[in-house]
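Chemist: First the structure, then my questions, so here it is.
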Amino acid sequence: MEDRNILKVEDLNVFFKVNGGIVRAVENVNFQLKDGESIGIVGESGCGKTTTALAIMGMLPGNGYVDNGRIFFEGEDIINKDEKQWQRYRWNKISMIFQGAMNSLNPVMKIRRQIGEAIRLHNPTITKGEINARVVELFKLVGLDEKRINYYPHEFSGGMKQRVMIAMALACNPKLIIGDEPTTALDLMIQAQIIDLINDLRRKLNMGMIIITHDLSIISEICDRVAVMYAGNIVEIGSIEDIIENYKHPYTEKLIKAFPSIYGDKRMAESIPGAPPNPLSPPKGCRFHPRCHKSIDICKNVLPKYTSFGNRHFAACHVVKGDSLNE
Ligand SMILES: Nc1ncnc2c1ncn2[C@@H]1O[C@H](COP(=O)(O)OP(=O)(O)OP(=O)(O)O)[C@@H](O)[C@H]1O
Ligand SMILES: [Mg+2]
């Protein structure tokens, strides 16, 4: 078996305890990332993208827990590590740019100190001179003028702040970086620059990457592969070309058709009728069946298994079926 996976997520379930019961935010999630590969996770709001990322970072909120599954990083199961062991991975090996994080920079602290503190936290013996050199190096890496290291956050534009967040995520040379909506809230020109930067860094540093977004066009520029999530499940996974041009799952089809720029022709984007299910009581069977234009009887009761459409392209649908898998 080829096992050059930097990350392998296996049968992951992540639930949240709430007053009304249990939120089944992520269920039966499986995917793998090879060394230097980048994968996009796409899906509607609330489908479990951030929760999947937080589980990989070992940073679930207090009411969240891994109900089932394993997460392997470079072959080692990290799910049952204690907090002290997690700290060996988090930021050092796996790092994350959080959703909306650029607004969480401390307004009264110079950027050099904020990045410096992140570096020191993970390298307690590092000297002040070494920290300064590393901050300058990181500034250059993310395309910021090193003269600005002593500026305050308000002296940076939105795009620059996002570059600072990327610099912080890179501070300890991680092997895997997770970007949760890394370009949302930026205007289109700046989005394009940040996408170029991410692509450039990925090539230069040969990192694994997970990019979370609503926006398929961003994924198509940054990622090798795409996982399409719906209501806590990955319904389809494959290469960019497979997902955009050769999609199989009816939900992926709807999602692609909702992005006319990707679909290519000039007709109106289609909307997907209905709304995602309540995660406290998701429907039996395929979670997409109440909104699916192809659904048949079995979809209402039986959760579909993945079938293969070749070359690491899988979809879980009773109607559109590839080759059966043994497992
Ligand atoms: N701490 C929490 N307690 C209870 N439910 C939660 C908690 N965090 C997330 N959820 C629920 O888990 C589900 C998945 O949320 P998640 O934040 O992972 O979605 P997402 O795909 O990242 O959405 P978005 O695109 O809006 O960021 C949602 O139904 C959400 O309401
Ligand atoms: Mg999110």
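Chemist: Among L144, L105, which is surrounded by 14 or more Cβ atoms within 10 Å (Cβ to Cβ), outside the structural domain of E44 (by TED's automatic domain parsing) and within 21 Å of D196 (Cα to Cα)?
Modeler: Going through L144, L105 in turn, just one is surrounded by 14 or more Cβ atoms within 10 Å (Cβ to Cβ), outside the structural domain of E44 (by TED's automatic domain parsing) and within 21 Å of D196 (Cα to Cα): L144.
Chemist: Look through I210, I256, I219, I243 and report the one residue that is under 19 Å from F314 (Cα atoms) and assigned to a strand (DSSP E or B).
Modeler: After applying the criteria, what remains is I210.
Chemist: Now, a different point. Do we find that A192 is more than 16 Å from ligand 1 (Cβ to nearest atom), not in a strand (DSSP E or B) and not assigned by TED's automatic domain parsing to the domain that holds E44 in this structure?
Modeler: no
Chemist: Any residue in region 44-60 that is loosely packed, with under 14 Cβ neighbours inside 10 Å, closer than 22 Å to R312 by Cβ and in the same structural domain as C223 (by TED's automatic domain parsing)?
Modeler: No, region 44-60 contains no residue that is loosely packed, with under 14 Cβ neighbours inside 10 Å, closer than 22 Å to R312 by Cβ and in the same structural domain as C223 (by TED's automatic domain parsing).
Chemist: Then there is this: Which of the residues belonging to region 15-38 are within 16 Å of ligand 2 (Cβ to nearest atom) and either acidic (D, E) or more than 17 Å from S281 (Cβ to Cβ) (or both)?
Modeler: V29
Yes/no per residue for (1) at pLDDT below 90; (2) closer than 18 Å to L138 by Cα:
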residue: G64; (1), (2): no, no
residue: D67; (1), (2): no, no
residue: I78; (1), (2): no, no
residue: K81; (1), (2): yes, no
residue: W86; (1), (2): yes, no
residue: Y89; (1), (2): yes, no
residue: M102; (1), (2): yes, yes
residue: R113; (1), (2): no, yes
residue: G116; (1), (2): no, yes
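Chemist: Restricting the first residue to region 199-217 and requiring it to be at pLDDT 90 or above, which pairs with a second residue that is within 16 Å of ligand 1 (Cβ to nearest atom) and assigned to a strand (DSSP E or B) meet a Cβ separation below 6 Å and a spacing of at least six or different chains?
Modeler: So the pair list comes out as I210/I39; I210/I178; I211/G40; I211/G179; I212/I41; I212/D180.
Chemist: Run down G48, G64, G75 and say which single residue is small (G, A, S), within 25 Å of D215 (Cα to Cα) and either in contact (Cβ under 8 Å) with a residue 60 or more places away in the chain or within 16 Å of ligand 2 (Cβ to nearest atom) (or both).
Modeler: When all the criteria are applied, what remains is G48.
Chemist: If T184 satisfies every condition in (1) more than 16 Å from ligand 2 (Cβ to nearest atom); (2) part of a loop (DSSP other than H, G, I, E, B); (3) of a type outside the set (A, V, I, L, M) but one, which is the exception?
Modeler: (1)
The values are calculated or read from the model by the stated rules, or taken from the named source; none is laboratory data. Since the structure is predicted, the reported quantities are computational estimates derived from the model, not experimental observations. All Cβ positions, glycine included, derive from the backbone under ideal geometry; neighbour counts span all protein chains shown.
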